[in-house]
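> Please read through the structure below; I'll follow up with questions.
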Amino acid sequence: MNKEPLEEKEILKNLAKYKIKDSDYSHGRILGSMCTKADPLAKKVFHDFLDANLGDPGLFKGTQFLEEEVIRDIGSFLSLNNPYGNIVTGGTEANLMAMRAARNLAKNEKNIINSEVIIPKSAHFSFKKAEDMLNLKLIEIDLDENYKVNIDSVEENLSQNTVAIVGVAGTTELGMIDPIEDLSKIAIDNEVYLHVDAAFGGFSIPFLNDIGYKLPNFDFSLEGVSSITVDPHKMGLAPIPSGGILFREKKYLDVMAVESPYLTSKEQCTIVGTRLGAPAVATWAIMKHMGRKGYCELADECMINTRFLADALKKEGFELVTSPELNIVAFNHPKIATDDLAQILEDNGWMVSSSSYPKAIRIVLMGHINHSHLIEFLATLREIKNSLNIN
Ligand SMILES: *Cc1c(COP(=O)(O)O)cnc(C)c1O
């Protein structure tokens, strides 16, 4: 560390050298990220509320009110009038909270010690962290031919030790929506906690259904659903870090409560102690700014781009892994290995990602990708095929 203080000008000049090494969403070359450029208003608000600490809410009553209101606003499009929950750092922390609630509840109510959680093979790796940190045993369920969880297999794997079932509404790799309605029935029949991970799909499925897409239901209108993860920092246009966890009832928070001496609150249910208020307020602001209509338009645009890309890829001889349900396209070329294609694309300036199951190039059609970017991307793919003498 430098001994003498540095001038602001010098610090900023230094930082500029590093900032240019970062990718910029607005160039339209980031094709594999579930995050996107945050809205300018949300960024401004984030900055204005940087001092607010939700870990000590009595000192920041305004920010605390806004967190409660934004959770209610999210609940309003997930069919729950009186949700309990928090704006947290992301889908990972939201999932950790849900698993902690389910585990503690099962311990209190059913005396379950060797907690098992049933997850689809497509579940996000954050559940592996939950397994490790919360001492759970994950039971991984196979997927059907559409890469959705196999319902029969979920039922067969229920046991005396099951503390939760997890369904995904918008899988990370392929954007598929598990049959949550069926999972809800199983959860009710067996009195098991059902958590829906809608980190990615939560900010698009409800809005797509508003405008006539007929996507399967996944929200609190299904009686078996106990909690939902939904990430404002993905399709919600909020700045990172903003994840949402919503619980149907207060008891799920209560089983996680820890006394919080020295602070203005009596107890804390979140994992994090000192906690940024800025993400909650920025999320509040962007949701007001977008309104239901704005999110409908955004989700629709992303789907229009998704369909355009999916159709164009097929015409170019690429094979889609599955027909996209949300704004993710995964594809391969029968004559090029996935890793090779990913590498060549990267050499050409396109930042794509690969799915692991099945292995494929994975494009997430976020709002920063527009039609002309896709035209350029398709041109690159054509050049790659030509250079490899493939057509
Ligand atoms: C992105 C994602 C997560 C993890 O969210 P982070 O914000 O990266 O912590 C969890 N579940 C699903 C389905 C996701 O797509």
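The values are calculated or read from the model by the stated rules, or taken from the named source; none is laboratory data. Because the structure is predicted, anything quoted here is derived from the model rather than measured. Methodologically, a virtual Cβ is constructed for each residue, glycine included, from the backbone with ideal geometry; neighbour enumeration extends over all protein chains shown.
> Taking only region 224-234 into account, find how many residues are of a type outside the set (Lys, Arg), assigned to a loop (DSSP other than H, G, I, E, B) and either in contact (Cβ under 8 Å) with a residue 60 or more places away in the chain or farther than 29 Å from Val192 by Cα (or both).
3
> Let me ask another. If I filter region 293-301 for residues that are farther than 27 Å from Ala102 by Cβ and surrounded by 22 or more Cβ atoms within 10 Å (Cβ to Cβ), do I get at least one hit?
Yes, region 293-301 contains at least one residue that is farther than 27 Å from Ala102 by Cβ and surrounded by 22 or more Cβ atoms within 10 Å (Cβ to Cβ).
> Conditions: (1) closer than 19 Å to Leu31 by Cα; (2) in contact with a helix residue (DSSP H, G or I) (Cβ under 7 Å, 6 or more places away or on another chain). His289 meets all but one. Number of the miss?
The failed condition is (1).
> Go through (1) polar (S, T, N, Q); (2) under 25 Å from the mean Cα position of the chain (by Cα); (3) within 25 Å of Tyr25 (Cβ to Cβ) and name the single condition Asn348 misses.
Answer for Asn348: the failing condition is (2).
> Another question, if that's okay. Any residue at all in region 159-178 that's of a type outside the set (Ser, Thr, Tyr), over 23 Å from the mean Cα position of the chain (by Cα) and more than 23 Å from Val321 (Cβ to Cβ)?
The answer is yes; a qualifying residue exists.
> Just to verify a result, which residue in region 171-201, among those that are free of Cβ contacts under 8 Å to residues at least 40 places away in the same chain and in a helix (DSSP H, G or I), is farthest from the ligand (Cβ to nearest atom)?
It comes out as Asp189.
> A further question on this structure: Hey, could you check region 376-391 for residues that are in a loop (DSSP other than H, G, I, E, B) and polar (S, T, N, Q) and say which is surrounded by the fewest Cβ atoms within 10 Å (Cβ to Cβ)?
Checked region 376-391; the qualifying residue surrounded by the fewest Cβ atoms within 10 Å (Cβ to Cβ) is Asn389.
> Which members of region 106-125 meet the condition of being surrounded by fewer than 21 Cβ atoms within 10 Å (Cβ to Cβ) and assigned to a helix (DSSP H, G or I)?
Lys107, Asn108, Glu109, Lys110
> Still on this structure, please answer the following. What number of residues in region 361-375 are outside any loop (DSSP other than H, G, I, E, B) and either closer than 23 Å to Leu174 by Cβ or more than 28 Å from the chain's Cα centre (by Cα) (or both)?
Residues meeting the conditions: 7.
> Moving on to the next point. Out of region 220-233, which residues are more than 15 Å from the ligand (Cβ to nearest atom) and within 23 Å of Pro279 (Cβ to Cβ)?
Phe220
> Is region 53-75 home to any residue that is part of a helix (DSSP H, G or I), within 16 Å of the ligand (Cβ to nearest atom) and among the hydrophobic types (A, V, I, L, M, F, W, C)?
yes
> Of the residues Leu253, Leu208, Leu237, Leu246, only one is assigned to a loop (DSSP other than H, G, I, E, B), surrounded by 16 or more Cβ atoms within 10 Å (Cβ to Cβ) and aliphatic (A, V, I, L, M); which?
The match here is Leu237.
> In region 151-170, how many residues are outside any helix (DSSP H, G or I) and free of Cβ contacts under 8 Å to residues at least 12 places away in the same chain?
0
> Right, another one. Can you name every residue in region 335-360 that is in a loop (DSSP other than H, G, I, E, B) and closer than 13 Å to Phe318 by Cβ?
Passing the criteria: Lys335, Val352.
> When you go through Phe77, Phe46 one by one, which is the residue that is surrounded by fewer than 20 Cβ atoms within 10 Å (Cβ to Cβ), in contact with a Pro (Cβ under 7 Å, 6 or more places away or on another chain) and in contact (Cβ under 8 Å) with a residue 12 or more places away in the chain?
The conditions single out Phe77.
> Counting just the residues of region 154-197 that are of a type in the set (Ser, Thr, Tyr) and buried (at least 18 other Cβ atoms within 10 Å of the Cβ), which one comes out farthest from Thr229 (Cα to Cα)?
Within region 154-197, the match that is farthest from Thr229 (Cα to Cα) is Thr162.
> Would you call Gly32 buried (at least 16 other Cβ atoms within 10 Å of the Cβ), under 21 Å from the mean Cα position of the chain (by Cα), more than 16 Å from the ligand (Cβ to nearest atom) and within 19 Å of Lys234 (Cβ to Cβ)?
The answer is no for Gly32.
> Further question: Are any of the residues in region 82-95 farther than 20 Å from Phe203 by Cα, part of a helix (DSSP H, G or I) and at pLDDT 95 or above?
no
> For residues that are of a type in the set (D, E, K, R), surrounded by 13 or more Cβ atoms within 10 Å (Cβ to Cβ) and farther than 21 Å from Met235 by Cβ, tally how many sit in region 347-375.
Adding up the residues that qualify gives 1.
> Can you find a residue that is among the basic types (Lys, Arg) and within 30 Å of Ile141 (Cα to Cα) anywhere in region 326-335?
no
> Hey, another quick one. Answer yes or no: is there a residue in region 244-260 that is in contact with a His (Cβ under 8 Å, 6 or more places away or on another chain), away from the ligand (no atom under 16 Å from the Cβ) and either farther than 25 Å from Ala285 by Cβ or aromatic (Phe, Trp, Tyr) (or both).
no
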